Amino acid sequence: MYKFEVYQDKAGEFRFRFKASNGETMFSSEGYKAKASALSAIESIKKNAPGATVVELPAADAKA
């Protein structure tokens, strides 16, 4: 089962990670001052990303 895990880091910020059914972390978030903000970000992903497209960038543009 896929799941979001919400936790508080050593700096006191709230973060989340998305885990695959095999337990592997697929991605993790930035830090948020409030837990409600982290939960809001999760809801936004769940609502707005089901039809997200994949865009391949040239190597020079991939640096972020």
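What residue, of GLU56, GLU5, is exposed (fewer than 10 other Cβ atoms within 10 Å of the Cβ) and among the acidic types (Asp, Glu)? So the residue among GLU56, GLU5 that is exposed (fewer than 10 other Cβ atoms within 10 Å of the Cβ) and among the acidic types (Asp, Glu) is GLU56.
For the stretch 25-45, state whether one or more residues are in a loop (DSSP other than H, G, I, E, B), at pLDDT below 95 and open to solvent by less than 60 Å² (accessible area, probe 1.4 Å). Among the residues of the stretch 25-45, not one is in a loop (DSSP other than H, G, I, E, B), at pLDDT below 95 and open to solvent by less than 60 Å² (accessible area, probe 1.4 Å), which makes the answer no. Of all residues in the stretch 9-24, those satisfying the criterion of being surrounded by 13 or more Cβ atoms within 10 Å (Cβ to Cβ) and either assigned to a loop (DSSP other than H, G, I, E, B) or out of contact with any Lys or Arg (no Cβ under 6 Å at 6 or more places or on another chain) (or both) are GLU13, ARG15, PHE16, ARG17, PHE18.
The values are calculated or read from the model by the stated rules, or taken from the named source; none is laboratory data. Model, not experiment: these values are computed from the prediction. In this analysis, Cβ positions are derived from the backbone assuming ideal geometry, glycine residues included, and neighbour counts consider all displayed protein chains. Heads up: the accessible areas ignore ligands, DNA and RNA and are worked out on the full protein's heavy atoms, side chains in. Shrake-Rupley method; radii C 1.70, N 1.55, O 1.52, S 1.80 Å.
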